[in-house]
Each structure stands twice: as C-alpha cells, then as structure tokens.
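Beneath this line is the structure, given in structure tokens, with notes to follow.
The values are calculated or read from the model by the stated rules, or taken from the named source; none is laboratory data. This structure is a prediction, so every number in the text was calculated from the model and none was measured. Virtual Cβ from ideal backbone geometry, glycine too; neighbours counted across all protein chains shown.
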Amino acid sequence: MYSVITNPNHQKMPLLIAAFAVFMDGLDGSIVNVVLPVMAAEFGIDISGSSWVVIAYLLFMAGFILAFGKVADNGKIRGVFSIGFGIFALGSLMCALSPSLEFIVAARALQGLGASMIASAAPLLVTRFLPKERRGFGMGVIATTGGIALTFGPPLGGFISAYLSWHWIFLINVPIGIAAIILAKLAIPSPNGKPVKDHFDIIGTVLMFASIASMIIFFERGPVLGWTNVTILICGAIFAVSFAGFCIHSLRSPAPLLNIRIFRHWKFSSVTISYLLTCAVFFRRDVYGPVLYADGSRFVDGYVRNASDDCIDSDSACWNPYRRVERQNRLPHPVYSGRVVQNIILPDLPTDNS
C-alpha cells in the first residue's frame, strides 16, 4: 500500500515528523502536572480534583489509540495524522480559554482524542516508509524522544507558569498544531492506490474504552472514597465485565480491534510487559512527582534523587527494546528489570516541612 523510501536523505523527513509527534504527545502528558496546584487554587478545588486534567487526557489517548491506529494502517496515515493535530490544536485552544474545571477537563479529553490519533500514526511513519534494516533505529529515535518529552515537560511548564501563566502552556500548541498539519500535507507520502476498506470494530472500541475508563476511576478514586464505596464497586464490576467482553469479542470477531492471540508469542509478551513496567515507573515519577513537589509533599527528596536517572533516556541503545532486539536478537530484560527495581526499592525520603 505504501512504498518504502530507499533514498537515505528522504528517510529523514518521516522520522523527523514521527519524533516530533511523539515529543508533543509526551510533552502535553507531563507539562501540565506541575501547574495543577495553581489550577486548583484558581478554580477553588483540591489537588485531587485537579488531577482529572491529566487523567482525562491520558484516558482518551489510551482509549482510542488502537482504533485510530487500525484506521491509519489502512492507507490513511496522513489523514489521521493531520486531523489528529487539528483536534489537538482545537483542544489546546479550549483549554487555554477554560472558565472552569469541568470545561478544561472536557477540553483535555478532546486534546487526548487528538493525541491518540497522532500517537497511532507516528510509529507507522517508521514502519511503513523506512526499510526493514532501519526500523529498529527509527523506533529507538521516537522512543527516546518520548522519554525526553516526559522529562522536559515539568520544568517547561513551571517556567511558563512562573513568567507568563498556565494558559500559555496550551496556547503554544495552537501554532505548532497548524504547522504540523501543513508539514504533514507536504511531507507524508500518499498511499499507492485506494485506501483499504476494512471493518471497523465498534464493539471492541467501546469495550476497550469502558474497561480503561472504569479501571482508572476504580484505582484513582478508590483510596479517596473507600474500596467498599458503591461507585467504586460499580466501576470494578464494569471493568471486569467490559474487559472479559473485550477478550471474548476479540477471539470471535473476524476483524478484531486487537488480536489478543498475539500474546501467545512469549517474545512479544515479554517486551510488552517490560515496556509497560518501564512506562509505569516513568509515570510514577514524571507525572505524579512534579505534582507532589509543587504541593510540598514528603516525596520531594525521592523525586529529586530519582530524576537524575533520566540520563538513561538519551541512550536509545539501552532504553529502547527495538534497537537491542535488532542488533543482538535478544530481549533487554536486565535493562528494564534494573530500571524497575531501582525505582521501587529506593525509599522516598521524607522532607522536613516544619
């Protein structure tokens, strides 16, 4: 459907666009965290309520990334990428003009929807346009870029909010989104022939989103409301039913949203689980760390100490599994295991806030 770009000079543009897209996704997933206390004070709520500004973005991004990835893979990479950046820019503008918490949470959900389209199309720029021997390098570049974005987001957000206001965190995305749309129209090649008309798994998409949304609410509000609260119990039941329904539907559907049989392959499952654990560690430190820091939490020392570990993000050969698998044909389990153990066993030292 797409022709592989054989000219090394022309290969740089799709890789550059993909890295830029992943950087923007990661940046907006972390740049807001440090200004949540400022938003909470402005809207007259507690820090727990303002955390939904982050959760709404990540929820819609994770909930729809598979669906848009399948659409993009059917010959619509440029369309999904361009529309995604358009929605992303519109959501950013709405966030900047938000008069209330409810409005900004809805705007962040729209922004996350656009981010899911961007994130689903970005890796396809590598896998569809780069030759096989260069794909490992390409995935390493965009993975490293995503890690840098998560690290760069909190200090940039703090700088902007200190010298301008938190509204500018979102306003700067508008011209960036417009420029990305123009660049995509000019640089992303069109498919050979007509796009493939494939069945869109609506049921799988709904079940996937329901399971992710209920799981997030269950674990996020459970410690606050109590695990025996009616709302928490209902969310737990919805998650169990929707997740089981998604698995059953995926096994029976002729064109499922996700073919879960792929997890039978232990190499694929091992890399996926390792990457999941790594992202969980990054999320714990780079998403919640700045919030705790800005809120004067006792976890400040642990955050500052562990933040020095971010130098690992700059080495794609170690941080990224694709490059290691490509070069050595084996899984980099020691890298991930060490990363997880390092962040889990090192205790967060309390600070003296007196």
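Cβ-Cβ contacts under 7 Å between residues 6 or more apart (or on different chains), taken from a first residue in the range 215-229 that is of a type in the set (Asp, Glu) to a second residue that is assigned to a helix (DSSP H, G or I) and modelled with pLDDT under 90, are listed as Glu220/Ile55. Here Val126 meets each of (1) without any contact (Cβ under 8 Å) to a residue 12 or more places away in the chain; (2) aliphatic (A, V, I, L, M); (3) in contact with a Lys or Arg (Cβ under 8 Å, 6 or more places away or on another chain) with one exception, condition (1). Answer yes if at least one residue in the range 112-124 is hydroxyl-bearing (Ser, Thr, Tyr), more than 19 Å from Ser50 (Cβ to Cβ) and either modelled with pLDDT of 90 or more or crowded, with 20+ Cβ neighbours inside 10 Å (or both), and no otherwise. Yes, the conditions are met somewhere in the range 112-124. Filtering the range 21-80 to residues that are surrounded by fewer than 18 Cβ atoms within 10 Å (Cβ to Cβ), farther than 28 Å from Ser190 by Cβ and touching a Pro at 6+ places or on another chain (Cβ under 8 Å) leaves only Ile47.
Of the residues examined, Thr144 is one that is buried (at least 19 other Cβ atoms within 10 Å of the Cβ) and not aliphatic (A, V, I, L, M). Among the residues of the range 1-19, the one identified as out of contact with any helix residue (DSSP H, G or I) (no Cβ under 7 Å at 6 or more places or on another chain), touching a residue at least 60 places away in the same chain (Cβ under 8 Å) and surrounded by 12 or more Cβ atoms within 10 Å (Cβ to Cβ) is Met1. Remark: pairs (first residue in the range 263-285, closer than 26 Å to Ser51 by Cβ; second residue modelled with pLDDT under 85 and charged (D, E, K, R); Cβ separation under 6 Å; 6+ apart in sequence or on different chains) = Thr278/Arg339. Restricting the range 163-188 to residues that are in contact with a helix residue (DSSP H, G or I) (Cβ under 7 Å, 6 or more places away or on another chain) and farther than 30 Å from Glu42 by Cβ, the residue that is surrounded by the fewest Cβ atoms within 10 Å (Cβ to Cβ) is Lys185. Just one of the listed residues (Ala187, Ala162, Ala240, Ala179) is free of Cβ contacts under 8 Å to residues at least 24 places away in the same chain and under 22 Å from Val22 (Cα atoms), and it is Ala179.
Conditions (1) part of a helix (DSSP H, G or I); (2) more than 23 Å from Ala107 (Cα to Cα); (3) not hydrophobic (A, V, I, L, M, F, W, C), marked per residue:
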| position | (1), (2), (3) |
| --- | --- |
| Leu186 | yes, yes, no |
| Val206 | yes, no, no |
| Ser211 | yes, no, yes |
| Ser214 | yes, no, yes |
| Phe218 | yes, no, no |
| Pro223 | yes, yes, yes |
| Trp227 | no, yes, no |
| Ile248 | yes, yes, no |
| Pro256 | no, yes, yes |
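Of everything in the range 239-282 that is of a type in the set (Gly, Ala, Ser) and more than 26 Å from Gly140 (Cβ to Cβ), the residue that is farthest from the chain's Cα centre (by Cα) is Ser253. If you take the residues in the range 105-150 that are among the polar types (S, T, N, Q) and under 20 Å from Pro191 (Cα atoms), which one is nearest to the chain's Cα centre (by Cα)? Top of the filtered list is Ser120.
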